[in-house]
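The values are calculated or read from the model by the stated rules, or taken from the named source; none is laboratory data. This one's a predicted model, so the numbers in the text were calculated from it and none came from an experiment. So basically every Cβ, Gly included, is an ideal-geometry build from the backbone, and we count neighbours across all protein chains shown.
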Amino acid sequence: MQNVGPDAGRNVAGLRLPVVGSVVATGQVGLPFTVVDAAGRAVEPISEFVREMVAGDMPDSSCRSYAYDLLRWWRFLAAIEVEWDRAQRVDVRDLVLWLRHARNPQRTRTRLGAPTPGSVNTRTGKRHLAEGYAPRTINHQLSVLKQFYDFHLGAGRGPVVNPVPAATRGGTRPGAHGNPLHEFVPHRRGAYRQKVPEQAPRVVDDALWNELFAAMTSHRDRAILATYISSAARASELLGMRCDDLDFGRQTISVVGKGTCTRQTIPASPDAFVWIRLYLAEGHVAPVEEPLPADAPLWVTLRGPRKPLSYWAMRAVLNRANDRLGANITLHDLRHTCASRMMADPNMAITDVQAVLRHKSLTTTGMYGTVQLDELINRTLEHHARRAAPPPPRPHPAYNAADLAVLFGEQAG
């Protein structure tokens, strides 16, 4: 299918992206990930862009995410038969239209009894992932393409004009400091940017948390969950810990923060350190009689050769517990739960919670102070019960009911 003008239109409903190419880890310095074509050759425009991102101190995880977005774009260009350096705004528009209605292959569930995509879980009140691409995914795709074409435009390659519109109307960055001499202009979404619905923090109530913790089958898994729920660490941060990241004296842990290369210290609960001690006493990390190797991974597999516990392996542990409980709890839900618990404590200042969560803005931390739906329902029902009118007083039995009816009407009886 050849490129078409904006008036001709393109049938994106029946578009099928060819499953060619892949994202590979190169092991090269300055190029952790790249995209290869069907013949296994590196796609050089993407490799150059990734090198630029690495030079700008972008973490490897972000490079991998960017590579997958660019792989999707390369497959879309192959489906519409357009070269990457000939792409136009209409092609980006059609990509967005396709993403809005296509099925996300990562949402495919073949297991019998799997929940319907987009349905609400009765235990948690949280929706299961829909089968399509989320608005955040589409916006991330556009942001990656915008940076990709900006980079090549600066090098004199690619289209004359960036085919991806700016993120905002007028081209200014959202939240950027404005000139006080100019009139304030409200932020407006850029073309093709999707509306992202506001979501309340996903909090696990105490009863369900107790059931989840009881469903764990090893000290390692109990230690991980106890550390998640008390430290509010992100999933990848906690799983990347080393043995020397534990401080039993101060009861703190150290993690490499999201988007940073520095280790950040955060407190955890005494219970978490008790479970960690029980896990280490089993000798999975190192023999019990030997000291812990400082640079060894803290969380390792329990069966087979010893290797670091991956995110997908820990997610499988949680999913097995979810199947037994009929829930859909994620590791990130535990971060939300910890934050909401601390915000509900009157002895915890919001700046303390911000420091634990390592947020740059208090506005982000403030969302955990919102009232949860279950709490709102209970308080509202209690309010209505207090406001209910008391029943009228019953007359003394010594009064004649017929006389009362004559004086005050039938209701007096």
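Miscellaneous remarks
- Residue, surrounded by the most Cβ atoms within 10 Å (Cβ to Cβ), within segment 43-76, restricted to residues that are out of contact with any Phe, Trp or Tyr (no Cβ under 9 Å at 6 or more places or on another chain), aliphatic (A, V, I, L, M) and over 29 Å from Gly14 (Cα atoms): Val54
- Residue list for segment 260-282, filter: in contact with an Asp or Glu (Cβ under 8 Å, 6 or more places away or on another chain) and part of a loop (DSSP other than H, G, I, E, B): Cys261
- Residue in segment 84-97 that is closer than 18 Å to Leu142 by Cα, at pLDDT 95 or above and either not in a helix (DSSP H, G or I) or not assigned by TED's automatic domain parsing to the domain that holds Phe148 (or both) present: yes
- Segment 98-108, residues that are touching a residue at least 24 places away in the same chain (Cβ under 8 Å) and either over 26 Å from the mean Cα position of the chain (by Cα) or surrounded by fewer than 16 Cβ atoms within 10 Å (Cβ to Cβ) (or both): Arg100, His101, Arg103, Asn104, Arg107
- The listed residue being acidic (Asp, Glu) and in contact (Cβ under 8 Å) with a residue 24 or more places away in the chain, out of Asp352, Asp374, Asp323: Asp374
- Per-region count, segment 98-125, residues more than 23 Å from Val19 (Cα to Cα) and outside any loop (DSSP other than H, G, I, E, B): 1
- Residue list for segment 77-92, restricted to those being within 21 Å of Ala13 (Cβ to Cβ) and free of Cβ contacts under 8 Å to residues at least 60 places away in the same chain: Leu77
- Scanning segment 19-31 turns up at least one residue that is modelled with pLDDT under 95, out of contact with any strand residue (DSSP E or B) (no Cβ under 6 Å at 6 or more places or on another chain), on the phi < 0 side of the Ramachandran plot and among the polar types (S, T, N, Q).
- Single residue of Gly409, Gly326 found to be outside the structural domain of Arg127 (by TED's automatic domain parsing), at positive phi and at pLDDT 80 or above: Gly326
- Checking each residue in segment 285-296 for being under 17 Å from Gly240 (Cβ atoms) and surrounded by fewer than 17 Cβ atoms within 10 Å (Cβ to Cβ) picks out Leu292, Pro293, Ala294, Asp295, Ala296.
- Residues of segment 109-133 that are more than 21 Å from Val203 (Cα to Cα), in contact (Cβ under 8 Å) with a residue 24 or more places away in the chain and not charged (D, E, K, R): Gly132, Tyr133.
- Near pairs, Cβ below 7 angstrom, 6+ apart or cross-chain, from segment 194-206 (more than 11 Å from Lys126 (Cβ to Cβ)) to any residue that is basic (Lys, Arg): Val196/Arg136
- Applying the criterion of being in a loop (DSSP other than H, G, I, E, B) and surrounded by fewer than 16 Cβ atoms within 10 Å (Cβ to Cβ) to the residues of segment 130-168, the residue that is nearest to the chain's Cα centre (by Cα) is Ala130.
- Among the residues of segment 231-250, those that are without any contact (Cβ under 8 Å) to a residue 40 or more places away in the chain and surrounded by fewer than 15 Cβ atoms within 10 Å (Cβ to Cβ) comprise Asp247, Phe248, Gly249, Arg250.
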